[in-house]
Structure formats: C-alpha cells, structure tokens
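Here, each number is a calculation from the coordinates, and none is a lab measurement. Keep in mind that what you see is a predicted model, and the values were worked out from it rather than measured. Glycine gets a Cβ as well: all are built from the backbone with ideal geometry, and neighbour counts include every protein chain shown.
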Amino acid sequence: MLCVGGRSGAIDAYRQLVEQSGGRFLHHDGGLEESLHRIDGVLAAADLVICQAGCISHNAYWRVKEQCKRTGKRCLFVRNAGVSSFGRMISAARAEEN
C-alpha cells in the first residue's frame, strides 16, 4: 500500500496501521521534498494508493491520479491527513476486498 503525502510526524503511525492490517507500507511525500520522478517507481510497486491530497503538490496529485487511472490501480483520495482518517481508509479498503 502506498501512502502519498501525509504529515511527516505521522508516517510511523501510518506504517503501523498498514502493517497491522497485513500490508506492506510504501511512502512518498508527494513532491514536497522527495523527487516527483521517484513517485513512478513506488506507484508501480503498490497494489493500493492512498493519496492525502491536502498534503502534496498539485503536480504530484495529477501524476498520481493519471498514473492510477492509466494502470487501473485503485486510488483513494483523502483530504484530512490525520491518522484516524488514514486508518478509516485502510479499514474501508480492506472491507471492500473481502
């Protein structure tokens, strides 16, 4: 599962939620400090993308959206970067898989 964006201080909490649900956590900060070009590789490796739209650059938002649409990869967009919102997204995604 790839998390794009989010609060830098909450990355460990996001990781813990993903791993507790049985997933493998990948992260990209959405072009704020990390290179936007690196996002293609982590997008390719992910089975699900949670994009915290309020915490990434506009270019990253459109790149994620376009790449997911083109590859048919599931992408969930979240406005709130809180840990509880992220957890609810993971729960909803896992429930839909079953």
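Which whole-number percent of Cα pairs in the stretch 2-97 have a distance greater than 19 Å? Let's see the in-between values first.
Values: 1457 of 4560 pairs.
Tail of P(r) above 19 Å: 32 percent of Cα pairs.
Contact order for the chain, expressed relative to its length and based on alpha carbon pairs under 8 Å spaced 6+ residues apart, stands at 33 percent.
Listed values for the stretch 63-77 are Karplus-derived 3J(HN,Hα) couplings in whole Hz (6.51 cos²θ - 1.76 cosθ + 1.60, θ = phi - 60°), namely 5, 4, 4, 5, 5, 5, 5, 5, 9, x, 7, 6, 9, 10, 9, and x replaces Gly and Pro. You can think of it this way: the chain between T71 and R7 has 20.4 nm of extra reach, that is 0.36 nm per residue less the Cα-Cα gap.
Placing unit charges on each Cβ (+1 for Lys and Arg, -1 for Asp and Glu) gives the chain a dipole about its Cα centre, and among A53, G72, S35 the Cα reaching farthest toward its positive end belongs to G72.
Charges at C-beta only: +1 for Lys and Arg, -1 for Asp and Glu. How large is the resulting dipole of the chain about its Cα centre, in Debye rounded to 20? Could the numbers behind the result be given before it?
On the way: 13 positive and 10 negative charges, 55 e Å.
Result for the chain is approximately 260 debye, rounded to the nearest 20.
For the pair the stretch 19-43 / the stretch 55-87, the C-alpha centres are spaced 11 Å from each other. Taking the chain as a whole, the Cys residues whose C-beta sits 4.7 Å or farther from every other Cys C-beta are C3, C51, C55.
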